[in-house]
Amino acid sequence: MSHIAFIGLGNMGGPMAENLLKNGHKVWVFDLVPEAVKTLVDAGAKEASSAIEAVQHAEVVISMLPAAPHVKALYLGDEGIIAAAKENALMIDSSTIDATTAKIIGEAVETSGRRFVDAPVSGGTAGAKAGTLTFIMGGTEDAVAAAKPVLKAMGKNIFHAGGIGAGQVAKICNNMLLAVLMTGTSEALQMAIDNGLDPKVMSDIMLNSSGCNWTLQKYNPCPNVMEGVPSSNDYQGGFMVKLMNKDLNLAMETAAKSVSATPMAAVAQSLYRQHERNDNAERDFSSIFSLFQQ
Ligand code: NAD
């Protein structure tokens, strides 16, 4: 059992923190949204009045925030948490951010004598709830070994991609592919509908043919084909369009630095930008399907 501080209790962080509690860990929680904190306190967590208060109690600190500016402010801002954490603390950032920021934060944490791991996740809100997330870590062997037993309470597959920042590079390659798969699956399903086919039957056909992919298996974008996914709940919850656009921006920045050709991602990015402008920023990313319906 570890003493853990969990900061950022949104669509992902909330259920992840609940799984830590279910596995017997003692968890101090902090979020800017009081209702998010209350849900966790009702599940047995200890409420902290600030991020600094949360980390003072903890051997392990986990952050799960929207984007790089939030993570940078949490660790390196005026009220930064590094100095407030225990001297031997392990600090894990599971947010999806750029590798450069992860390296800057990691260096500051390690210079202070504490350990840092970037551990972005894959598996969506369903994976967060079920405790079956994939964690993709960047960090030293020592820090990664220390993080594994804690991450096991929230995930099924745990990978070590390389040094600090490598977890973020791997995660962004994966999400770039996810954006391409979600847009491609949406256009295929809509073309089937336009030609008189039932999207449920079409989904079954593709699931058992060469077009099979994760979006069809776990996250069908067409309403009422699959139960318990955002498309069957008016695209509420899940992974917001604005966060997918953040990831596509990160992917394109990474590609520019490494002079990698990413034409498929460029098209997906353009479609997701248009979709966000059509008032869909807060909807789940599978709502890109509606762009093809129009
Ligand atoms: P979210 O917006 O639902 O949750 C973020 C939470 O952080 C919110 O509750 C917000 O109030 C809180 N927060 C923001 N600034 C804070 C601060 N300074 N101190 C304390 N709390 C603060 O986002 P999410 O969907 O949970 O995603 C979190 C991260 O995980 C993002 O980086 C996202 O890209 C990544 N991610 C999301 C999914 C998904 O399916 N939702 C999947 C994989 C990875």
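The values are calculated or read from the model by the stated rules, or taken from the named source; none is laboratory data. Because the structure is predicted, anything quoted here is derived from the model rather than measured. Here the Cβ is made from the backbone with ideal geometry for all residues, glycine too, and neighbour counts use every protein chain on show.
Numerical summary
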quantity	calculated
Qualifying residue in the stretch 215-222 (condition: modelled with pLDDT of 95 or more, buried (at least 19 other Cβ atoms within 10 Å of the Cβ), more than 21 Å from Ala265 (Cα to Cα) and under 26 Å from the mean Cα position of the chain (by Cα))	yes
Boolean, Ser290 is under 16 Å from Ser186 (Cα atoms) and either touching a Pro at 6+ places or on another chain (Cβ under 6 Å) or within 14 Å of the ligand (Cβ to nearest atom) (or both)	no
Residue under evaluation Lys103, criteria (1) surrounded by fewer than 23 Cβ atoms within 10 Å (Cβ to Cβ); (2) within 13 Å of the ligand (Cβ to nearest atom); (3) part of a helix (DSSP H, G or I), criterion not met	(2)
Condition broken by Thr96, with the remaining ones in (1) within 12 Å of the ligand (Cβ to nearest atom); (2) not in a loop (DSSP other than H, G, I, E, B) satisfied	(2)
Subset tally (residues that are over 26 Å from Leu133 (Cα atoms), crowded, with 19+ Cβ neighbours inside 10 Å and of a type in the set (S, T, N, Q)) for the stretch 226-279	1
Identity of the residue in the stretch 106-130, within 14 Å of the ligand (Cβ to nearest atom) and small (Gly, Ala, Ser), that ends up nearest to Met64 (Cα to Cα)	Ala119
Any chance Val55 is assigned by TED's automatic domain parsing to the domain that holds Ala153 and within 11 Å of the ligand (Cβ to nearest atom)	no
Complete set of residues in the stretch 15-33 that are without any contact (Cβ under 8 Å) to a residue 60 or more places away in the chain and near the ligand (Cβ under 10 Å from one of its atoms)	Val29, Phe30, Asp31, Leu32, Val33
Residue among Ala130, Ala85, Ala54 that is aliphatic (A, V, I, L, M), crowded, with 24+ Cβ neighbours inside 10 Å and within 23 Å of Glu35 (Cβ to Cβ)	Ala54
Failed criterion for Glu227 (all others in (1) over 25 Å from Gly10 (Cβ atoms); (2) assigned to a loop (DSSP other than H, G, I, E, B) hold)	(1)
Members of the stretch 231-248 that are assigned to a helix (DSSP H, G or I) and touching a residue at least 60 places away in the same chain (Cβ under 8 Å)	Leu243, Met244, Lys246, Asp247, Leu248
Number of the condition not met by Leu178 [criteria: (1) within 14 Å of the ligand (Cβ to nearest atom); (2) of a type in the set (A, V, I, L, M); (3) not in a helix (DSSP H, G or I)]	(3)
Some residue of the stretch 194-209 being within 15 Å of the ligand (Cβ to nearest atom) and without any contact (Cβ under 8 Å) to a residue 60 or more places away in the chain	no
Output for the stretch 13-46, where each listed residue is over 24 Å from Phe116 (Cα atoms) and charged (D, E, K, R)	Lys22, Glu35, Lys38, Asp42
Long-range neighbours under 7 Å by Cβ, at least six apart or interchain, first residue without any contact (Cβ under 8 Å) to a residue 60 or more places away in the chain within the stretch 168-185, second surrounded by 22 or more Cβ atoms within 10 Å (Cβ to Cβ) and outside any helix (DSSP H, G or I)	Ala170/Ile136; Thr185/Pro221
All positions within the stretch 167-188 that are farther than 20 Å from Ser270 by Cα and of a type in the set (A, V, I, L, M, F, W, C)	Val169, Ala170
Output for the stretch 3-14, where each listed residue is of a type in the set (Gly, Ala, Ser) and either near the ligand (Cβ under 6 Å from one of its atoms) or touching a strand residue (DSSP E or B) at 6+ places or on another chain (Cβ under 6 Å) (or both)	Ala5, Gly8, Gly10, Gly13
Flag for Ser63 being farther than 21 Å from Ser122 by Cα, near the ligand (Cβ under 10 Å from one of its atoms) and in the same structural domain as Gly127 (by TED's automatic domain parsing)	no
